[in-house]
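Structure, as structure tokens:
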Amino acid sequence: MKGVIDVLELQGQREKHRKLINYTKHEGSYIGVRFIMECGMKLNFGPTTITTAAHIFHAFFKETDIKLYDMYLIGATCLVMASKIKNSEVKLRDVINVAHSTLFRGSSPLELTDKYWAMRDAIFQAELLIMRMIKFQFSIPDPFKYLLQYYKTMKAWLSPRDWKDAPLIQNALAFLTDFYHDRTVINYKPEHLAIASLFLTLQCHGVSVPNTGEDDGVAWFSVFDPELTRDKVWEIAERMMDCYDEEPKENS
């Protein structure tokens, strides 16, 4: 396991190189979610819409082999579905053009030719397929609402200096969002994802919640979930850290 302090550096490196990847040279679910995130940002979607699309993507490929389908078509379709679930206004033509220009960098927007209409029809068909594969389960967990709630609660526990000096919420949001690159993210409760992202952030910045150390026998997150153990939190936090090892080495 890498040191928790190193994760902040890896997180910064990912952000720096995030938009440089050539998707035509890579494959796998990690890359599929990277594609979703880049397209989602270009479409001005919020983090909950983007991660909802990633959740649908993972749920779909949990039921089938990723090599059997065009994961970029599935990714674009997941963005369309997430926009409907989260009421994010977007035109289908914009999704198609953003997806196409992201996959084939430097290309012009698609004209209303056979290629455009074929992709439009493919997204309609893919949406029907995805709905069947995920068994019409559209109630997608939202860990971000728990993260913000827990963060506000913790303000009363930390010293004013720690609260002011450490960018806790920024890093916690980044850890949580980045974890959606990992297909195991859908296996955890949203409350636990929120707690683990805060836990990892506190570890990285060396910030401790008073009177809640291992020697005290009380964990700060027990206030939010009395049944959650330190081992479970560390399990999720380690998965979050390991996610950074999947970062592609090629930046072109």
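For the reader, a short list of remarks on this structure follows.
- Pairs spanning more than 22 Å between alpha-carbon atoms, out of K152/K189; K86/K232; K189/K232: K86/K232.
- Degrees separating the helix 114-133 axis from the principal Cα axis of the chain, which is the longest one: 50 degrees
- Cα long-axis angle, helix 29-42 against the chain (0 to 90 degrees, to the nearest 10): 80 degrees
- Test item: Cα-centred dipole of the chain, Lys/Arg +1 and Asp/Glu -1 on Cβ, debye: 840 debye
- The Rg/Rh ratio of the range 78-131, with both radii computed over alpha carbons and Rh defined as the Kirkwood radius, is 0.98.
- Cα-based convex hull volume of the range 68-166 per residue, rounded to whole Å³: 170 Å³
- Within the chain, helix-based [θ] at 222 nm, where runs of 4 or more DSSP H residues each add -39,500 (n - 2.57), nearest 500: -19000 deg cm²/dmol
- Overall form of the range 103-252 per C-alpha gyration tensor (a/c, 1.5; a/b vs b/c): prolate
- Full-stretch length increase - T64, L92 - with 0.36 nm per residue and alpha-carbon distance subtracted: 7.5 nm
- Per residue solvent-accessible surface (Å²) - the range 163-246, probe of 1.4 Å: 45 Å²
- Within the accessible area of the chain (1.4 Å probe), percent carbon and sulfur: 51 percent
- Centre-to-centre separation between the Cα atoms of the range 74-120 and those of the range 140-183: 31 Å.
- Once the Cα atoms are used to define both axes, helix 168-178 deviates from the longest principal axis of the chain by about 40 degrees.
- Ordering A59, L148, A122 by the projection of their Cα atoms onto the charge dipole of the chain, which places +1 on the Cβ of Lys and Arg and -1 on the Cβ of Asp and Glu, puts A122 at the extreme positive end.
- Dimensionless Rg ratio for the chain, taking C-alpha atoms and the 2.2 N^0.38 Å reference: 1.08
The values are calculated or read from the model by the stated rules, or taken from the named source; none is laboratory data. Everything numeric here is computed off the predicted structure, so don't read it as measured data. Virtual Cβ from ideal backbone geometry, glycine too; neighbours counted across all protein chains shown. Quick note on the areas: whole protein, heavy atoms, side chains included, nothing else; ligands and nucleic acids left out. Shrake-Rupley method; radii C 1.70, N 1.55, O 1.52, S 1.80 Å.
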